[in-house]
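Reviewing the structure listed below.
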Amino acid sequence: MDFSIASILLLDGVTNGAIYALLGLATVLVFTVTRVIFIPQGEFVAYGALTLAMLQTGKTPGTVWLLLILSGLAALMELIERWRHHGSFSRAMSAAVKTLIFPVIVSLAAIWSAPQMFPLWVQSVLSVAIVTAFGPLVYRVAYQSLESATPLVLLIVSVGVHFALTGLGLLFFGAEGYRNPSFWDQRFTLGPVALSGQTVIIFITSLALIVMMWLYFERSLRGKALRATAVNQTGARLMGISSHTSGQLTFLMAALIGALSGLLIGPTTTVFYDSGFLIGLKGFVAAVMGGLASYPGALLGALFVGIVESFGAFWASAFKEVIVFTLVLPILLVRSLRSGHSDEDH
Amino acid sequence: MNNQKLFIWLLAAAVPVIALLPLPDFWIAQLNYIGLYALVCLGLVLLTGVGGLTSFGQAAFVGVGAYTTAWLTLNTGMSPWLTLFVGLGLTAISAIVVGAITLRMSGHYLPLATIAWGLSLYYLMGNLDALGKYDGLLGLKSLSIGGIDIGQGRLFFVLTWTLLIAGAIALLNLLDSRPGRAIRSLKGGSQMAEAMGISTFRYKVTIFLIAALFASVAGWLLAHFQRTVNPSAFGLKMGIEYLFMAVIGGVGYVWGAIVGAGLIKLLDDYLQVALPALIGTSGSYEVIVFGVAMVLVLKYLPEGIWSLVARKLPRPPRKMDWQDAEPLSTRTKPALGELVLRIDKIRKQFGGLTAVNDISFDLHAGKIVGLIGPNGAGKSTTFNLITGALSKTSGQVNYRGQDITSLPSREISRLGMARTFQHVKMIPDMTVLENVALGAYTRGESGVISSMLRTNTAEEQRFMREAQHQLERIGMGNYLHELAGNLSMGPQRLMEIARALCCDPALLLLDEPAAGLRHKEKRELAQVLRQLQGEGMSILLVEHDMDLVMEVCDHLVVMEFGTLLTQGSPAEIQASPAVRAAYLGTEH
């Protein structure tokens, strides 16, 4: 291996690593606020890429129908629960309508605009909006009533949601894979390394998102409220911070990050309905490196995973997944030795 | 437990009958698969239902068992009856490695590690030339004994279900034994279990290992039944499905494993045909149904389908067969007046907060010492420092002439220091008798294997005799067979004292034993304490009820804001202006 191959591999690894970093951050975010280990994070990635691919062909993406069904279900649950709880039908109705409003507007916009073949960036914004709308709905339907369950039960629920979303992906997108057009076809050469416009976009977007998340959690009241929920749910609730709202907001952010990652990864690889799982899990391995609690830890972990993967692919391409996922064991060993004691009563 | 066992014996009787019935071969094959899957789920019942841990990697362990026998029988011509044990050995090694790495950390790291491990094993099997890549290995021989083919059809059915039933009986035996009670205590957090002298880490690894071995046996059977192995049966999807089977059937019940395996297998077969026909294209749409069903079950029926049946069944009391059992051996107690405990300047800091500030006092044999002080004075923290539940920032604890400063709580418990908890910690779904028997854990030695084989009966009888004796000693003889979770607060606290007494302690530490007790119950408690003192027991007591404290204690230690305010006889403390000020405030 000479320097030029090494630098190409390094660039490749860092590029993928940037996307794993986003997913790893989303995983940490969701876990710290809701204690949900969100296995289906990767499904949002596939949904994002495939929604854009469908819009590219001028068809209404299947996600729209799924979104309508899911929002209908969420609204119904909201209606029944509020009605039972408060006894006021009008209040329950308004809560249900609130649940419906964003998904329905997005869906209508998608149905109207799909045949118009708008430029790529409009379709991208629309795809992100559609997939982002899934976040709060998934939380509402699958997790909200289990808020006080143990992390173990929530993890099993996550696996159930992952199964359901993968199957629904197959139902609504079909088994065919898609590759999206590049957002920017410009190419740059830096010595031996050819930098594509897409790579530049991946770096810039990832960096921008990470900085935005940092600002949100450090500088805004809402972000601080989420952090409070992460530390102590009951305490936060007593301060007037609703755990329902926090959960839905967190899932909204997770879905947004997932959808954006889907758009970023779409032009570099062919995406199938079930591709998200492995991509998401690699973000996950990164998050585990940070102990599911540290954002910088997850970021470094993601870059490490990306680089290991690209070098692994070069040396033993058939075994690159084996290498990446076996990596979890030594990582956990180090964490276990460092922590030294087991957590009490959790 | 008795009911579950009755059902298992009924099933055992049914197996030869089913084998002789003129059922179509298709249904025999289905039953064979169900038996294999149930064997894997049985491991999950122990791991997830009882132990509160979980694994998505059981399919990978099935794969280890299957590939080991496939490769060895094809390449070396070894007998499958030998390769079974090679497979079990390899499974054990991998389970111990994965378990030892993850089980010191909080509970969700094990499932995460098993996801990663399951994935990497899947890709490894799918890419190794020696294992035939994704095509797998073909042409395995069916199992046979003395030339008779027992690897197919009805004979294989008998073999599989016999192994399953044997596994179920072994599991039920295990759960009703010394190690079984230790395993059942894992779910409630490690503090109580460790205080009873149980190494929770060791038992967590043990149940993960047992679950993996069950899966490995299933893999060995599966390989020789299908006569081919390929990675798809051992991937993460299958690992998740095994967990689904166990959870939907009822992960807390041995029968849940069998019901869940049957249900999912039949549903899976049906949906794999019906859904693509309905939708019009092929594909594994059944995962949608499974995923949704999983969420619904966890929401509305978290204990699974079998819990509906189990709730209806009567719960006969345990057969009392221990009247003639030999008493457990006891330790030598300190002589009256001997120094039992010396606390020397122990200190605990949580960051900048000093919760316990250089506390020192002594306790002599046969005395009751009360540790009192206003709320937040650091009494319970002091307790946790003495018993080793918390590590000390500085200071020393000496117990019967031995330095126990840095011993973990389970070692301290083994030396004869037993405790109760401010918030009662018990196993709600075990009877009072069984909960109390947990206290005698350190006084026995029967292990997992002897418990599974039921060669531990004599020791069990000695445990039960001791538990009954201790319960009667504190006036709880009427509650033996009641479920601990059904007790009200007072009896729960008394049960904790009986459990502590079962450790055969030389020093008893009681953390607010009178909290939540009614007046009459408090009188009885005072009586019990004095009676124990009369028998030579040394007691350290944290308590808020001043009447009780003043009545029973020989010596009082008063704490305020983590520091030692004063100590002395009850009369001196009652007269002390400083104590009055601490409790009631001062006039200005």
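Observations, loosely collected:
- Segments B:292-300, B:421-429, B:200-208, A:204-212 sorted - mean Cβ within 10 Å per residue, highest first: B:200-208, B:292-300, B:421-429, A:204-212
- The Cα center of the range A:135-156 and the Cα center of the range A:105-124 differ in position by 31 Å.
- Mean projection area, nm², convex hull over Cα of the protein assembly as shown: 45.7 nm²
- Gain on full extension, evaluated as 0.36 nm per residue between residue B:129 and residue B:530 minus their Cα-Cα distance, stands at 136.9 nm.
- For chain B: relative contact order, % (alpha-carbon pairs under 8 angstrom, 6 or more apart): 17 percent
- Near-label residues of the range B:541-562 by backbone N, under 11 Å of a point 7 Å along Cα→Cβ of residue B:394: none
- For the range A:210-281, averaging the sequence separation of C-alpha pairs within contact (under 8 Å, six or more residues apart) and dividing by the residue count gives a relative contact order of 15 percent.
- Relative contact order (%) - criterion: Cα under 8 Å, at least six apart; region: chain A: 37 percent
- Here the gap between residue B:453 and residue B:281, fully extended at 0.36 nm per residue and compared with their Cα-Cα distance, gives a gain of 56.8 nm.
- Descending Cα extents along the principal axes, the range B:396-532, whole Å: 46, 42, 24
- Mean residue ellipticity at 222 nm, helices only, the protein assembly as shown: -20500 deg cm²/dmol; runs of at least 4 DSSP H residues each add -39,500 (n - 2.57), and the sum is divided by the number of residues.
- Inter-chain Cβ neighbour average for residues B:115-126, partner chain, 10 Å: 6
- Burial ordering of B:430, B:489, A:77, fewest other beta-carbon atoms within 10 Å first: B:489, A:77, B:430
- Residues B:356, B:97 arranged by fewest to most Cβ contacts within 10 Å: B:97, B:356
- Here each label is just a point 7 Å from Cα along the line to Cβ, and for residue B:321 and residue A:3 those points are 8.1 nm apart.
- Range in chain A, longest, excluding exposed trypsin sites (Lys or Arg not before Pro) [loop by DSSP; at most 16 other beta-carbon atoms within 10 Å]: A:180-346
- Expressed in units of 2.2 N^0.38 Å, where N is the residue count, the Cα radius of gyration of the range A:50-125 is 1.38.
- Note on residue A:184 and residue A:60: with the Förster distance fixed at 25 Å, the Cβ-Cβ geometry gives a FRET efficiency of about 0.40.
- Cα Rg, Dmax, chain B, angstrom units: 28.3, 99
- For the range B:301-389, the Stokes-Einstein estimate of translational diffusion at 20 °C and a viscosity of 1.002 mPa s comes to 116 µm²/s, using the Kirkwood hydrodynamic radius over alpha-carbon pairs.
- Spatially proximal lysines relative to residue B:312 (Cα-Cα < 24 Å; intrachain offsets below 8 disregarded): B:5, B:299
- Using only the C-alpha atoms, the convex hull of chain A corresponds to 144 Å³ per residue.
- Extension reserve of the residue B:328-residue B:23 stretch, reckoned as 0.36 nm per residue once the Cα distance is removed: 104.4 nm
- The residues packed around residue B:445, meaning those with a beta-carbon under 10 Å from its beta-carbon, carry a net charge of +1 if Lys and Arg are +1 and Asp and Glu are -1.
- Counting only other chain Cβ atoms within 10 Å of each residue's Cβ, the peptide A:313-326 averages 4.
- Shielding of A:330-337 by partner chains, average beta-carbon count, 10 Å: 4
- Each label point was placed 7 Å from the Cα along the Cα-to-Cβ direction; for residue B:148 and residue A:333 their separation is 4.8 nm.
- Shape parameters for the range A:232-346, alpha-carbon atoms, Rg then Dmax in Å: 17.5, 55
- Ranking of B:573, A:111 by count of other Cβ atoms within 10 Å, fewest first: A:111, B:573
- Taking A:26, A:286, A:236 in turn, the Gaussian network model of chain A (Cα-Cα springs below 10 Å) assigns the largest fluctuation to A:236.
- Restraint check, B:379/B:425; B:319/B:522; A:282/B:265; A:320/B:237; B:348/B:425, Cα-Cα greater than 22 Å: B:319/B:522; A:282/B:265; B:348/B:425
Any read-out appearing in this document is the output of simple, stated calculations on the displayed coordinates, not a laboratory observation. The shown structure was predicted, so the numbers you read here are calculated from the model rather than taken from an experiment. Cβ atoms come from the backbone with ideal geometry, glycine included; neighbour counts cover every protein chain shown.
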